[in-house]
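The next block holds one structure in the form of structure tokens; read it before the comments.
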Amino acid sequence: MTDVDDPKPATTPNPPHPPGLNAHLVVDRPPFHLDITVTAAPGEVLALLGPNGAGKSTALRALAGLLPLTTGHLHLDGTPLHHTPPESRPVGVVFQDYLLFPHLTALDNVAFGPRCQGATKSQSRTQAAAWLDRMGLKDHATTKPRHLSGGQAQRVALARALATNPRLLLLDEPLAALDARTRLEVRAQLRHHLADFEAVAVLVTHDPLDAMVLADHLVVIEHGQIVQEGTPADIARHPRTDYIAQLVGLNLYRGHADGHTVHLDPGPAITTTENLTGPAFVAFPPSAVTLHRNRPTGSSARNLWHCEVAGLETHGDQIRADLTGELPLAADLTTVAAAELDLHPGASVWATVKATQTHAYPA
């Protein structure tokens, strides 16, 4: 009889990281502390949205390798990059001010990346020409940055970032330097180019419209922490902080729901159509608010509050009234209506909102 060694117990290998971006970014820069986790699949556009000083740029610089992580990790397509120097990362960056080389033509700006990766001058220029053609800039190949419009410079910067075939594309406020009309056009062009990008794109912005139009998934950062994330539609409909509510143009309150009533703490109750129990948010747009100089009688609105006008400002083609009193809120009304009500700071008003125009959801 032959002795046979007992078979070794099977070991389960560690599951591989999925393709795309998987990062836990922790950066200590006293007194500021960033601690966020972000993931994105190939072909997905992730937007980091937040007010100035929230940590968006810190996160972008950490992803690019321009700022070391205090702890955490950064995996891209399963490969750890947190110890990889920035020049060796498969990352392309479009900076807010584009940072094109002023002494180089548009063609040579785009060719710079492939040249650094070892391509010959001829190969680099061929690749660059193809990218400029894709960006609709074929006729500007020999133009230097100072002779490009803002929109053209933005597209050259994008072509330069994409010419290195990055697996992660970082866009730092890419539309901030453009005027309003150019911004509208370039935003549409950028959306088209990002739709064709097969790897991960991360957009840093404080503009909610840029985030809503360009991104598949939003991560909202405040004070170095993630306060909410989800699809643009979900975040627009269910804001969870005052900052987000202001971005998407909603009055937002938090309280305790008991059936169709949300009791604010502190504050009055708001009647809603949703039937909830427990901690809840309730939101409604300023356009849902109707103002009266005298307490209305016979109104079908279930919500009525006595307020005072704290301020008035033009908001698009309407007047936005900032109200204090029983319930601080914003109300939108036409210029004619504001004149007929003789609204002015200090004026006493009654505000009504129909229950059907509110939206309540669990906190």
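Where a number appears in this text, it was derived from the coordinates with a stated rule and is not lab data. Predicted model, so just to flag it, every value in this text is computed and none were measured. Cβ sites come from the backbone with ideal geometry, for glycine too, and all protein chains shown count toward neighbours.
Expected output is a single nm value to one decimal: the length gained when fully extending between residue 340 and residue 275, i.e. 0.36 nm times separation in residues minus the C-alpha distance. What is it? It would help to have the intermediate numbers written out before the result.
Values: separation 65, 0.36 × 65 = 23.40 nm, distance 3.72 nm.
Taking 0.36 nm per residue and subtracting the Cα distance, the gain is 19.7 nm.
Working from label points 7 Å from Cα in the Cα-to-Cβ sense, the residue 361 to residue 117 distance is 4.0 nm. Given R0 = 45 Å, the distance between the Cβ atoms of residue 97 and residue 318 translates into a calculated FRET efficiency of 0.85.
Would you mind calculating the gained length between residue 87 and residue 287 on full extension (0.36 nm times residue separation, minus the Cα-Cα distance), in nm to one decimal?
Details: separation 200, 0.36 × 200 = 72.00 nm, distance 5.03 nm.
Stretched out fully, the residue 87 to residue 287 stretch lengthens by 67.0 nm.
Highest GNM mean-square fluctuation, the chain, Cα pairs closer than 10 Å: which of 75, 292, 306? Highest fluctuation of the listed residues: 292. Under a 10 Å cutoff between Cα atoms, tell me which one of 269, 23, 128 has the largest fluctuation in the Gaussian network model of the chain. In this elastic network of the chain, the residue with the biggest mean-square fluctuation among 269, 23, 128 is 269. GNM remark for the chain: springs join alpha carbons under 10 Å apart, and the peak mean-square fluctuation among 330, 47, 159 falls on 330.
What number, rounded to the nearest 500 deg cm²/dmol, is the helix-based mean residue ellipticity at 222 nm of the chain, given -39500 (n - 2.57) per DSSP H run of at least four residues and division by all its residues?
On the way: 9 runs with 89 residues, N = 363.
Roughly -7000 deg cm²/dmol at 222 nm, from the helical runs in the chain.
Each residue of segment 217-225 was assigned a 3J(HN,Hα) from its phi angle through the Karplus curve 6.51 cos²θ - 1.76 cosθ + 1.60 (θ = phi - 60°); the sequence is 9, 10, 10, 9, 10, 9, 6, x, 10 Hz, with glycine and proline shown as x.
Fully extending the segment from residue 258 to residue 73 would add 62.3 nm, taking 0.36 nm per residue of separation and subtracting the current Cα-Cα distance. Model label points for residue 130 and residue 299, set 7 angstrom from Cα along the Cα-to-Cβ axis, are 6.5 nm apart.
Pull up the DSSP beta bridges for segment 21-242 and report the antiparallel fraction as a percent, rounded to 5. Working shown, then result.
Values: 22 of 40 bridges.
Antiparallel: roughly 55 percent of the beta bridges in segment 21-242.
Remark: segment 22-37, residue by residue, has Karplus-estimated 3J(HN,Hα) of 9, 9, 10, 9, 10, 10, 9, 9, x, x, 8, 9, 9, 8, 9, 10 Hz, where x stands for each Gly or Pro and the curve is 6.51 cos²θ - 1.76 cosθ + 1.60 at θ = phi - 60°. Placing +1 on the Cβ of every Lys and Arg and -1 on the Cβ of every Asp and Glu, with nothing else charged, gives the chain a dipole about its Cα centre of roughly 1040 debye.
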